[in-house]
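Undergrad: Sharing a structure here in structure tokens format.
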Amino acid sequence: MTYIVNDNCILCKYTDCVEVCPVDCFYEGENMLVIHPDECIDCGVCEPECPADAIRPDTEPDMVKWVEFNRKYAEMWPVIFTKKDALEGADDMDGKPGKIDLFSDKAGPGG
């Protein structure tokens, strides 16, 4: 099992999760985070830290696409291990459907 970040993170990018991750397996894009599934040690400490409920176990239905999505962008984006402010308007975007259409494949600053 591993954990992944899904589209609930898009345009929120809360980083509470990176602060508790013992292996620094989060990677930062312009408007979301991902988890490298091969680096995640399945400890689960990040899941309850996400205010947007965007971190899910890969054992849930239809998660194969999200595992590959997370792997792809984790290999392109810089690692993030320091908590930062959420994106402006994150509270308004939290829980909105259809956010995948707002996804940016650009890298974030990391750090």
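The values are calculated or read from the model by the stated rules, or taken from the named source; none is laboratory data. Since we're looking at a predicted model, the values are computed, not measured. Virtual Cβ from ideal backbone geometry, glycine too; neighbours counted across all protein chains shown.
Matching residues to (1) at pLDDT 95 or above; (2) of a type in the set (A, V, I, L, M); (3) touching a helix residue (DSSP H, G or I) at 6+ places or on another chain (Cβ under 6 Å):
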site	(1), (2), (3)
35	yes, yes, yes
38	yes, no, no
42	yes, no, no
62	no, no, no
66	yes, no, no
73	yes, no, no
83	yes, no, yes
110	yes, no, no
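Undergrad: Of everything in segment 79-107 that's part of a loop (DSSP other than H, G, I, E, B) and among the acidic types (Asp, Glu), which residue is surrounded by the most Cβ atoms within 10 Å (Cβ to Cβ)?
TA: Checked segment 79-107; the qualifying residue surrounded by the most Cβ atoms within 10 Å (Cβ to Cβ) is 94.
Undergrad: While we're on this one: Looking only at segment 1-46, which residues are more than 25 Å from residue 96 (Cα to Cα) and either of a type in the set (Gly, Ala, Ser) or touching a His at 6+ places or on another chain (Cβ under 7 Å) (or both)?
TA: 25
Undergrad: The conditions are (1) over 19 Å from residue 4 (Cα atoms); (2) touching a residue at least 24 places away in the same chain (Cβ under 8 Å), and residue 58 fails exactly one of them. Which is it?
TA: (1)
Undergrad: So, one more: Within segment 11-38, can you find the residues that are touching a strand residue (DSSP E or B) at 6+ places or on another chain (Cβ under 9 Å) and among the acidic types (Asp, Glu)?
TA: Passing the criteria: 24, 28, 30.
Undergrad: Give me a count of the residues in segment 14-27 that are touching a helix residue (DSSP H, G or I) at 6+ places or on another chain (Cβ under 8 Å) and under 14 Å from residue 78 (Cβ atoms). Even if it seems obvious, please write down each step before you answer.
TA: Filtering segment 14-27 for residues touching a helix residue (DSSP H, G or I) at 6+ places or on another chain (Cβ under 8 Å) gives 14, 16-17, 19-20, 24-27.
Checking the rest, the ones that are also under 14 Å from residue 78 (Cβ atoms) come to 24-27.
Number satisfying all stated conditions: 4.
Undergrad: Please give the strands (runs of 3 or more DSSP E) falling wholly within segment 1-78 in which 2 or more residues are of a type in the set (Phe, Trp, Tyr), under 10 Å from the mean Cα position of the chain (by Cα) and surrounded by 15 or more Cβ atoms within 10 Å (Cβ to Cβ).
TA: Filter on segment 1-78 gives 26-28.
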